[in-house]
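Undergrad: Pasting in a structure now, in C-alpha cells, and then I'll have a few things to ask.
The values are calculated or read from the model by the stated rules, or taken from the named source; none is laboratory data. These numbers come from a predicted model, not from an experiment. Heads up, the Cβs are rebuilt from the backbone with ideal geometry, glycines too, and the neighbour counts pull from every protein chain shown. Heavy atoms of the whole protein, side chains included, go into the accessibility calculation; ligands, DNA and RNA do not. Shrake-Rupley method; radii C 1.70, N 1.55, O 1.52, S 1.80 Å.
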Amino acid sequence: MDWHDELSWWQTAVVYQIYPRSFNDSREDTESARRTDGEGSVRHPAGRPLPGDGVGDIPGIVERLDYLADLGVDVVWLSPVYDSPQVDNGYDVRDYRAIDESFGTLADIDHLVDELHARGMRLVMDLVVNHTSDQHEWFEASRRGEEPYDDYYIWREGHDGGPPNNWEAVFGGSAWSYDETRGEYYLSVFSSSQPDLNWANSRVRKEVHDVVRWWLDRGVDGFRMDVVNFISKTPGLPDGDPDGNVVGSEHFIDGPEVTAYLRELHDAVLSEYDAMTVGEMPGVSVEAARAYLEAGLDMVFHFDHVNVGVGKSGIWDVPEWELPELKSVIDEWQSGLEEYWNAPYLGNHDQPRAVSRFGDESFREESATALATLLLTLRGTPFVYQGDELGMTNYPFGTPEEFRDIETRQYVQEALSGGERTFEDIAPAVRFWSRDNARTPMQWTDGSNAGFTTGDPWLPVNPNHETVNAEAERADPESVWHYYRRAIALRKAHPGLAAGDFDHLIPDHPSVFAYRRDGGRYLVACNLSAEPATVDLPWTWEGADRLIGNYPADDEGGPTLALRPYEARVYGAGVD
Ligand code: TEU
C-alpha cells in the first residue's frame, strides 16, 4: 500500500516547536541604542553591532530557517507572538491581530510564512482562546459593563463575602478575582491576568471564528489550540470536589459543550481550509480524545506520559516512576487512537527538558538519542521541542529569584507564605519542574550567550552550551543533532513508521521499551536505563536490516539483543 496517497500533509510531517522568546534574538535593544547616542538615532559604536534586546524575535527565526530545513522538519509551531503584556509569556493575548513589539510586526510574520513556504515548510500558530489578557479591549469593555462585551467573560456576584465558588486556578489560589470597576468577580482558571472567555456566548464564539479565519487567510497553515478542552464550564458553576488536585477542574475540563463548540469552529471555518489542528488538553482521557477527534480536531496533546510519577499533590514533588508505567501510558494512547491519529511529544515549553525528565543527564547523548528514536518511531505526528535536537538539559537553577515563570513564582510564593517551609524544602521539585528549564535560550554556539543574543538574555544560558550547541553538533556526525536528522529522514523514508499500527512487546520489562510497527515490518527496541539489558524479541529476523541505532553496530541483531545503556535500534524487514 502506498501510504503517501493516503495521508494528509500533516500526517507525514515532523513538527518543530519554537518558543520565540528563547530561539534567536536578531533585534537591537532600542534602549541601549538611545543610550549610545544621546540624540535618539541609532549608531554602531566603534564598528560593533548594537546589543540585542535579549528576547528572541521573528526575524531571528527567519535567520535560522535553513537550520530547520537541514534538520528535516516540515512544520514550525510558534508559541504565541501576539501583542501581549507577557505576564505568561504571550499566553495572555491583548490583541489577536497584532504582533507583540518584542517579536516584530505583521510584516515580519508574513515574511516568515513566505520564507517557510519557499522551503516547502509550513507555519502553525498558537491559538490561545480559553482566555485573553486582562488588558484585551474586550475585557476592558466587559469590566465597564459595556454591551455587547459585558457578557464576553464569566462574571458572578460573590458568595458569603467570598468568591462565587471554591474553584482553584491551575497556577494556584482562587480561580476568581474581584473587579472593583464592575463590582463582581471574574473567572480565570490560570492567572488573574488571564480571564476566561465566556464561550457560552455565541458572539464570543463568532469572534474566535473570525480570528481563526483572519490568520488562515493570511497564509498560516494551522493552529495548536491552547487548553482548548477548558472552554466549556458546567452550567451553574457548582463547587468542585474540595479534595481534588485543582479544585473545580472537573467543572472546567472537558465540559458539556466543548465538543459542540469545536465542531462548530470546524464547520464554520476550518473545514474550508487545508489546515492542521492540535488541541492541547490537560486531563484528557483516551475516550474523551476520541470525541474531540470526531468533532473535527486533527490531533490532541494529552498529558498522561508527562504526568507519569506525578502524585496526588500535583507536580510540585520530584516524580518517582518506573519505565513500565510510561510504556503502558504510551501504549494506551497508541492503541486507543488506532482509528485516529496521535501527536507524540516528549517536551515543550511547559515541561522539564526531555533528557532530564525521561533520560539521564549522565548519559546525555545516549538518552537524548534513545528518546529521539522513541519519539520518531511512534504512530502519529511527532513534535520536537526546540533544543531537544541538541540534547539540551534542565538548567542548574539556584535561588528563587532566578525563576521568571509565573507558575513557578506563584507556587514558590504560596508554598513559602505559611512560614512552615523554606525554599530549600521545595527546591528539588521547583528546580526539576520549573517551566523555565525549557525556556533557557537556544544554544547555537559555544560563544557568549550561546550565540542567542548580543545583549543580556532574558533568562540565563545553560553553562553546558560550551559543549551542547548547534555549531559543534553540526560539525560532529556522531552528535545528537545528526542522530535527530537521521531519525527524521528515516521516518520520512518510511511512512509506515508514521501510520502503521503499534504492537507493544514485553510490556513488563523494567528497562526496555520494544514494539513492532506496521504489521511487523519494523522493530524498535530502546533500553531506557543506564544498565545494559538483554532481551529476546519475537520478530521476523530473517532478511532484517538495522535501519538506525545510537551505538556502533556490533552484532547482526535478534532474536537476542544485548543493549547497552540507553541503546536504541530500529530494524526493518522487507522494507527498502
Ligand atoms: O498550558 C496548560 C497547562 O495545563 C500548563 O499550565 C501545564 O499544566 C503546566 O504549565 C505544567 O507545569 C498552556 C500553555 O502551554 C502554558 O504555557 C500556559 O501558561 C497555559 O496554557 C495558560 O495559557
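Undergrad: Residues in the range 442-452: is at least one closer than 19 Å to Glu389 by Cβ and free of Cβ contacts under 8 Å to residues at least 24 places away in the same chain?
TA: Yes, the range 442-452 contains at least one residue that is closer than 19 Å to Glu389 by Cβ and free of Cβ contacts under 8 Å to residues at least 24 places away in the same chain.
Undergrad: Ok, one more. Applying the selection to the range 77-107, what residues are open to solvent by less than 30 Å² (accessible area, probe 1.4 Å) and within 13 Å of the ligand (Cβ to nearest atom)?
TA: Across the range 77-107, the qualifying residues are Trp77, Leu78, Ser79, Pro80, Tyr82, Ser84, Asp88, Asn89, Gly90, Tyr91, Asp92, Val93.
Undergrad: Now for a separate question. Could you count how many residues in the range 530-560 are open to solvent by less than 20 Å² (accessible area, probe 1.4 Å) and in contact (Cβ under 8 Å) with a residue 40 or more places away in the chain?
TA: Final tally of qualifying residues: 1.
Undergrad: Scan the range 410-418 and give yes if some residue there is open to solvent by 70 Å² or more (accessible area, probe 1.4 Å), under 20 Å from Arg357 (Cβ atoms), more than 14 Å from the ligand (Cβ to nearest atom) and modelled with pLDDT of 95 or more, otherwise no.
TA: no
Undergrad: Return the pairs, sorted by first residue and then second, in which the second residue is of a type outside the set (A, V, I, L, M) and open to solvent by 50 Å² or more (accessible area, probe 1.4 Å), the first residue lies in the range 456-475 and is farther than 20 Å from Tyr67 by Cβ, the beta carbons are less than 8 Å apart, and the residues are 6+ apart or on different chains.
TA: Trp458/Arg404; Leu459/Arg404; Pro460/Glu402; Pro463/Pro396
Undergrad: So Leu265 clears everything in (1) open to solvent by 40 Å² or more (accessible area, probe 1.4 Å); (2) more than 21 Å from Arg435 (Cβ to Cβ); (3) not acidic (Asp, Glu) except one condition, right? Which one?
TA: Status for Leu265: all satisfied but (1).
Undergrad: Hey, another quick one. Asn229 fails exactly one of the following numbered conditions: (1) within 16 Å of the ligand (Cβ to nearest atom); (2) open to solvent by 20 Å² or more (accessible area, probe 1.4 Å). What is the number of that condition?
TA: Only one criterion in (1) within 16 Å of the ligand (Cβ to nearest atom); (2) open to solvent by 20 Å² or more (accessible area, probe 1.4 Å) is unmet by Asn229, namely (2).
Rundown of residues vs (1) of a type in the set (D, E, K, R); (2) touching a residue at least 12 places away in the same chain (Cβ under 8 Å), yes/no style:
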position: Leu378; (1), (2): no, yes
position: Thr381; (1), (2): no, yes
position: Leu390; (1), (2): no, yes
position: Asn394; (1), (2): no, yes
position: Phe397; (1), (2): no, yes
position: Pro400; (1), (2): no, yes
position: Asp405; (1), (2): yes, yes
position: Arg409; (1), (2): yes, no
position: Glu414; (1), (2): yes, yes
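Each row is one residue, and each column tells you yes or no for (1) over 30 Å from Ala98 (Cβ atoms); (2) more than 16 Å from the ligand (Cβ to nearest atom).
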{"residue": "Asp254", "(1), (2)": "yes, no"}
{"residue": "Leu262", "(1), (2)": "no, yes"}
{"residue": "Leu265", "(1), (2)": "no, yes"}
{"residue": "Glu280", "(1), (2)": "no, no"}
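Undergrad: I need the full set of residues from the range 155-176 which are within 16 Å of the ligand (Cβ to nearest atom), under 15 Å from Leu237 (Cα atoms) and open to solvent by less than 50 Å² (accessible area, probe 1.4 Å), in order please.
TA: Looking only at the range 155-176, we keep the residues that are within 16 Å of the ligand (Cβ to nearest atom), and these are 167-173, 175.
Imposing the further condition that a residue be under 15 Å from Leu237 (Cα atoms) reduces the set to 167-169, 175.
Across the range 155-176, the qualifying residues are Trp167, Ala169, Ala175.
Undergrad: Let me ask something additional. Condition first: closer than 23 Å to Asp501 by Cα and within 16 Å of the ligand (Cβ to nearest atom). Now tell me which residues in the range 298-328 satisfy that.
TA: Met299, Val300, Phe301, His302, Phe303, Asp304, His305, Val306
Undergrad: When you scan the range 108-126, how many residues do you find that are within 16 Å of the ligand (Cβ to nearest atom) and among the β-branched types (Val, Ile, Thr)?
TA: Qualifying residue count for the region: 1.
Undergrad: For the range 458-502, how many residues meet the condition of being in a strand (DSSP E or B) and surrounded by fewer than 19 Cβ atoms within 10 Å (Cβ to Cβ)?
TA: 0
Undergrad: Being among the hydroxyl-bearing types (Ser, Thr, Tyr), over 22 Å from the mean Cα position of the chain (by Cα) and open to solvent by 60 Å² or more (accessible area, probe 1.4 Å): is that true of Thr454 here?
TA: Working: among the hydroxyl-bearing types (Ser, Thr, Tyr): yes; over 22 Å from the mean Cα position of the chain (by Cα): yes; open to solvent by 60 Å² or more (accessible area, probe 1.4 Å): yes.
Taking the combined requirement at face value, the residue satisfies it.
Residues checked against (1) under 22 Å from Gly283 (Cα atoms); (2) buried (at least 18 other Cβ atoms within 10 Å of the Cβ); (3) away from the ligand (no atom under 16 Å from the Cβ); (4) not β-branched (Val, Ile, Thr):
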| position | (1), (2), (3), (4) |
| --- | --- |
| Val128 | yes, yes, no, no |
| Phe190 | yes, yes, no, yes |
| Pro195 | yes, yes, no, yes |
| Arg213 | no, no, yes, yes |
| Met225 | yes, yes, no, yes |
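Undergrad: Looking at the range 432-479, which of its residues are in contact with a Lys or Arg (Cβ under 8 Å, 6 or more places away or on another chain) and either modelled with pLDDT under 95 or not aromatic (Phe, Trp, Tyr) (or both)?
TA: Asp436, Asn437, Ala438, Arg439, Leu459, Val468
Undergrad: List every residue pair whose Cβ atoms lie under 8 Å apart, where the two residues are 6 or more positions apart in sequence or sit on different chains, the first residue falls within the range 505-529 and is over 15 Å from Leu374 (Cα atoms), and the second residue, located anywhere, is open to solvent by 50 Å² or more (accessible area, probe 1.4 Å) and in a strand (DSSP E or B).
TA: Listed pairs, sorted by first residue: Gly520/Asp503.
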